[in-house]
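Below: the structure, in C-alpha cells.
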Amino acid sequence: MSNAGVGRGGTTPPERPNRLTESFTMKSAFPNIPKIRFEGPNSRNPLAFKHYNADEIVEGRTMRDHLRFAVVYWHTFRGTGSDPFGAGTMQRPWDDGSNSVANAQKRVRAAFEFIEKLGAPYYCWHDRDVAPEGRTLAETNRNFDAVARVLREEQQRTGIKLLWGTANLFSNPRFMHGAATSCNADVFAFAAAQVKKAMEVTHELGGEGYTFWGGREGYQTLLNTDLQREQAHLAAFLHLAVDYKKKIGFKGQFYIEPKPKEPTKHQYDSDAAACLNFLREHGLLPHFKLNIETNHATLAGHTMQHELEVAGTAGALGSIDANTGDELLGWDTDQFPTNIYLTTYTMLSVLKYGGFKTGGVNFDAKVRRESFEPVDLFHAHIGGMDAFARGLKIAAAIRKDGRLADFVKQRYASWDSGIGAKIEAGKVGFKELEAYMLKKGEADANASGRQEYLENLINEFI
C-alpha cells in the first residue's frame, strides 16, 4: 500500500514500514502469541482455555473428538471488517492486500500458524478464499493448484486436517441470477466446472466432507422466476456432483447448508425441513446430510435446537456452523458463540443423535469491525471453544443425571403399551379407535408439561 500523501518536489516518499509488518517479515504472523494452553476455570489469562481441555474424556470420548473444532478461512483470514458504511479496519500484517498467488500462499502460512497455535484440529475453505480468481477458468485452476500445494505442505507439517471444502458460487457477478438455478445455461456449466475443481482439491487434501450452500440459489421476485425449472436444475446439479464424487473415489460426506434468505428474498434451501423435503423429492437424501448454522436458523424463525432436531430425526445431522446472531438485528451477523445456553442445547441434540462422525464445530464467525488487531482472532476463537466445551460438559451432566430424559419418557408412556403401542405398530384403524373410545367414554386426563420445572432443571447445571 502506498502513502496517500505526496512529498516535496511532487514525489511520493518511500513507504514507512509498519511495525506489525516488520514483525511478520522477521519472525511470524503472530510473534507474540504463544500456543494456547488449558489453564482451568480459575485462570485469568485471556490467551488460555478455561474449559476446553482437548484430552478430557466426556461420555467416553475426548473433547477434541467430540467437538472437532474447525477454523474457517473466509471470515478469519479474508475478512476485512468492511461494511456498507465504511472501509475495512482489520490489521493483517501478513497480507499485502494484493490479489496475487504469492500473497495467497503467504496467507496460508499465517493461517496455519494461527490454527496450530490455537490447537484446532481442522479448517474449512471456499475455493475463492484460498486462491485468487484469474481471467479465465484455466488460469483460476492453475492459481488454485499453486495455493493447494502450500495447503498440503502445511497440513503435512502441522497435522491439521481439512474438515470440508466448498465453492464460492455467489460473489462473482456471473452468479447474479444464481449458479445451478441461473436462467443462463452457461452459468450452470461454469458453476459445474468450478465445483468439479473444488471437489478435486478437497479430495486431494484429504477433506472429510464437501458442503453446498446455495448463496444465490433462490429468487428476488416470482414475476421473472420459473420456480419448478430452477429447482429441477438444482437437483440435476447435485446429482451430477454425486456422480462425479463416485468417479473420483471421494469418500467424504456431502452437506447441504440451510438458509432462508439473504442475499436472495427466498432461498430454496430455506431451513432444515425444506432441505430434507427437497432431497427426498429428488432422490438425493442418501447422499447428503445437513450443515446447520445458528444464525441461519434464527433468520428462518427457528432455534438452533429446532434445526438440529429436525435434521437429527431424519438421520441427516452432519455438521454445524458455530456462530450466533444478534436478536435485535435482522441479518446474518455471524458473531462468535458465547451463550452457554445455546451451546448446551446444541450439544444436547448433537449427543442425542450420536455425536459428530464426519462433521464438526466450525466457527463460521467473524470478529467485530472494531476488534481489528490480530490478537482479537485468538480471543474470539478461545471464547467460542470454551463456550462449546462448557456446553458439552453441561449436556453430558444433564444426560447422566437422567431426569430430563425420564420426564420425556414418562410423558409419552401411553404410547409404550395398550392402544398407543397398537397405533404405532399400525395394528388399528379409525374403526378400531372409535370402538376403543366408545367403550372408554373419554380420554385419560392430560399431565402437566412442566416447562418451568424443566427450565429450572437446566439452570441447575448452568
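The values are calculated or read from the model by the stated rules, or taken from the named source; none is laboratory data. The model shown is predicted, which means the values in this text are computed figures rather than measured ones. Ideal geometry is used to build each Cβ from the backbone, glycine not excepted, and the neighbour counts take in all protein chains shown. To get the accessible areas, we keep the full protein, side chains included, count just its heavy atoms, and leave off ligands, DNA and RNA. Shrake-Rupley method; radii C 1.70, N 1.55, O 1.52, S 1.80 Å.
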> For the Cα atoms of the chain, what angle does the longest principal axis make with the long axis of helix 101-118, in degrees from 0 to 90, nearest 10?
Replying inline: 50
> So how far, in whole Å, is the C-alpha centre of segment 31-48 from the one of segment 320-391?
Replying inline: 19
> Based on DSSP, what percent of beta bridges with both residues in segment 238-353 are antiparallel, to the nearest 5?
Replying inline: 10
> Accessible surface of Leu137 in the full protein assembly, 1.4 angstrom probe, to the nearest 10 Å²?
Replying inline: 50
>> Among the listed pairs Lys50/Lys117; Lys35/Lys357; Lys197/Lys366; Lys161/Lys246, which have their C-alpha atoms separated by more than 19 angstrom in this model?
In response: Lys35/Lys357; Lys197/Lys366; Lys161/Lys246
> At a probe size of 1.4 Å, how large is the accessible area of His296, to the nearest 10 Å²?
Replying inline: 10
> If one computes the Cα centroid of segment 439-454 and of segment 216-251, what distance in Å separates the two points?
Replying inline: 46
>> Give me the percent of accessible area attributable to carbon and sulfur for segment 333-445, probe 1.4 angstrom.
In response: 55
> Can you list the lysines whose alpha carbon sits under 24 Å from that of Lys352, skipping same-chain ones fewer than 8 residues off?
Replying inline: Lys259, Lys289, Lys393, Lys400, Lys409
>> Can you list residues from other chains, or at least 5 along the same chain, whose modelled amide H is less than 5 Å from the amide H of Ala70?
In response: Val361, Asn362, Phe363
>> Restricting to Cα pairs below 8 Å that are 6+ residues apart, what does the relative contact order work out to for segment 51-159? Please round to a whole percent.
In response: 27
>> Let me make sure I get this right: for segment 205-277, a, b and c are the square roots of the gyration tensor eigenvalues over alpha carbons, sorted descending. Under 1.5 in a/c it's rounded, otherwise prolate if a/b > b/c, else oblate. Which is it?
In response: prolate
> In whole Å, what three semi-axes, largest first, describe the equivalent ellipsoid of the chain built from its Cα gyration tensor (square root of 5 times each eigenvalue)?
Replying inline: 43, 29, 20
> With the contact rule set at Cα under 8 Å and sequence spacing of 6 or more, what percent relative contact order holds for the chain?
Replying inline: 15
> Hey, what's segment 71-172 come to in accessible area per residue, 1.4 Å probe, Å²?
Replying inline: 39
> Shape call for segment 64-181 from the C-alpha gyration tensor, a ≥ b ≥ c root eigenvalues: rounded (a/c under 1.5), prolate (a/b greater than b/c) or oblate?
Replying inline: rounded
> Under the Karplus relation 6.51 cos²θ - 1.76 cosθ + 1.60, θ = phi - 60°, what is the ordered set of whole-Hz ³J(HN,Hα) values for segment 134-149, x standing for Gly and Pro?
Replying inline: x, 6, 9, 4, 4, 5, 4, 5, 5, 4, 4, 4, 5, 6, 4, 4
> Which ³J(HN,Hα) values, rounded to whole Hz and listed in residue order, are derived for segment 389-406 from phi using the Karplus coefficients 6.51, -1.76 and 1.60 in 6.51 cos²θ - 1.76 cosθ + 1.60 with θ = phi - 60°, glycine and proline given as x?
Replying inline: 5, 5, x, 4, 5, 5, 4, 5, 5, 5, 5, 5, 4, x, 5, 5, 5, 5
> Between the DSSP loop rule and a limit of at most 10 other Cβ atoms within 10 Å, which chymotrypsin sites (Phe, Trp or Tyr not before Pro) in segment 364-442 are left?
Replying inline: Tyr412
>> To make sure I understand the rule: partners must be lysines, Cα under 21 Å from the Cα of Lys440, and not fewer than 8 residues away in the same chain. Which ones qualify?
In response: Lys422, Lys427, Lys431
> Based on DSSP, what percent of beta bridges with both residues in the chain are antiparallel, to the nearest 5?
Replying inline: 20
>> Can you pull out the trypsin sites (Lys or Arg not before Pro) in segment 204-258 whose DSSP state is coil and whose Cβ has at most 16 other Cβ atoms within 10 Å?
In response: Lys251
